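Comments concern the structure below.
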Protein chains: 2
Amino acid sequence: MRIALATLNGCDRATFVAALGPLFEGSPWVAEAGFEGRPFRDAHHLHQGLCGAMQRAGSERQLALMRAHPDLAGRLARQGQLTAESSREQAAAGLVGLAPEVIAELEALNATYRQRFGFPFILCARLNNLETVRSALRSRLESTPEAEHRNALAEIEKIAWLRLVDVLEPGATDETSEPAS
Amino acid sequence: MRIALATLNGCDRATFVAALGPLFEGSPWVAEAGFEGRPFRDAHHLHQGLCGAMQRAGSERQLALMRAHPDLAGRLARQGQLTAESSREQAAAGLVGLAPEVIAELEALNATYRQRFGFPFILCARLNNLETVRSALRSRLESTPEAEHRNALAEIEKIAWLRLVDVLEPGATDETSEPAS
């Protein structure tokens, strides 16, 4: 479903959450909270409003959001059990149809990361490919829990921006414009 | 052409510049300068090396790089005269096949921007769509020359990252790995 900013600024809460809930994996409460910030003057303002709601939430809710993310190239992906958004994103990063030894390597790195930090490794797949996923995983395994909490939220903001770009329909050129004849 | 990081770290200068020159629109001198920073330990380090070379260049060279960028949805795009990279990026942002009045609106905004700042409006197209291009153009028209110089270079860094992700081929899993049997 694509939707114009003007519609998002004027619709009821249920429509707003239906359109923007999926920007934050498994966490429609972010859109619920962001609804309070209307009206939004442009896409950046809307993105800031949603991300602000996420950043202001307690760390327990942030952790639940982080834990709603699937592993990159993980079991859920191979079983076709991702959300539509995650499925498209992992495909765009070239993370489907990998060789068994690459899958095994990524699964081991993902498992180590999850054990070390208590949440999955989160990376905006559409800004990466297999090479950069792998090097980011290796380098972020050396990071601190506090830095990884911040890194995860920063990646979630990038994911949400690209999902918003997918969802937003261009508005009218201006209030008086007519279709070209 | 896709190329592995290990190859980039070991090849001659001409091969390096042929592979990475197109990351910076019409400006192979950035890859020439970045070559001096080898070896690079991962894609991020390589990207930082190239962007560092761009940031250290004088503002005259930076302006030449900025001016090498085509207008978004501009005349060159409609005439099929973009670089291969720009052409794919503008298509990904949904900036082809626009209605005549939308083209006219963007051309007017692009022309005003270019007149005001002395270089074209630069935005990483793959992180945007028509709606967000239009609102970014309108809002950045209100910006200062110094901020727009910085914004342009920041967008060029994002464009270069995504072009690098397209170019980088995954390296071997590790030094001892063999293809799965």
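Before moving on, here are some points about what is shown:
- Selection from B:ILE156, A:ASN151, A:GLY171 lying farthest towards where the dipole of the protein assembly as shown points positive, charges on Cβ: A:ASN151
- Dipole magnitude (debye, nearest 20) for segment B:60-181, charges at Cβ of Lys, Arg, Asp, Glu: 640 debye
- Peptide B:164-171, shielding by other chains (average Cβ, 10 Å cutoff): 5
- Cut-off under 5 Å, modelled amide H: who pairs with A:ALA4 long-range: A:GLU169
- Degrees, to the nearest 10: B:100-117 long Cα axis against longest axis of chain B: 80 degrees
- The percentage of C-alpha pairs in segment A:70-150 whose separation is greater than 16 Å is 47%.
- The base-10 log of I(q)/I(0) for chain A, evaluated at q = 0.09, 0.12, 0.15 Å⁻¹, reads -0.36, -0.60, -0.88 [Debye formula, identical scatterers on Cα atoms, solvent excluded].
- A:GLU169 accessible area, 1.4 Å probe, all protein chains in place, Å² to nearest 10: 80 Å²
- Extent along principal axes [Cα atoms of the protein assembly as shown; Å; largest to smallest]: 63, 55, 35
- Net charge contributed by nearby residues that have their C-beta within less than 15 Å of B:SER59 (K/R +1, D/E -1): +1
- Within the shell of other residues whose beta carbon sits under 12 angstrom from the beta carbon of B:LEU130, the net charge comes to -1, with Lys and Arg scored +1 and Asp and Glu -1.
- The Cα atoms of segment A:44-107 define a convex hull whose projected area, averaged across directions, is 5.6 nm².
- Where segment A:70-150 is the region considered: accessible area per residue in Å², 1.4 Å probe: 45 Å²
- To the nearest ten degrees, helix A:130-140 and the longest principal axis of the Cα atoms of chain A are 70 degrees apart.
- Helix-only mean residue ellipticity at 222 nm for chain A, each DSSP H run of n ≥ 4 adding -39500 (n - 2.57), per residue, nearest 500: -18000 deg cm²/dmol
- Buried accessible area, chains A and B (both chains, 1.4 Å probe, Å² to nearest 100): 2300 Å²
- The accessible surface of segment A:44-137, taken with every protein chain in place and a 1.4 Å probe, is 51 percent carbon and sulfur.
- Averaged over A:118-131, number of beta-carbon atoms from partner chains that fall within 10 Å: 3
The values are calculated or read from the model by the stated rules, or taken from the named source; none is laboratory data. On a predicted model such as this, the values are computed, not experimentally measured, just so you know. Here the Cβ is made from the backbone with ideal geometry for all residues, glycine too, and neighbour counts use every protein chain on show. Note: accessible area is taken over every heavy atom of the protein model, side chains too, but ligands, DNA and RNA are not part of it. Shrake-Rupley method; radii C 1.70, N 1.55, O 1.52, S 1.80 Å.
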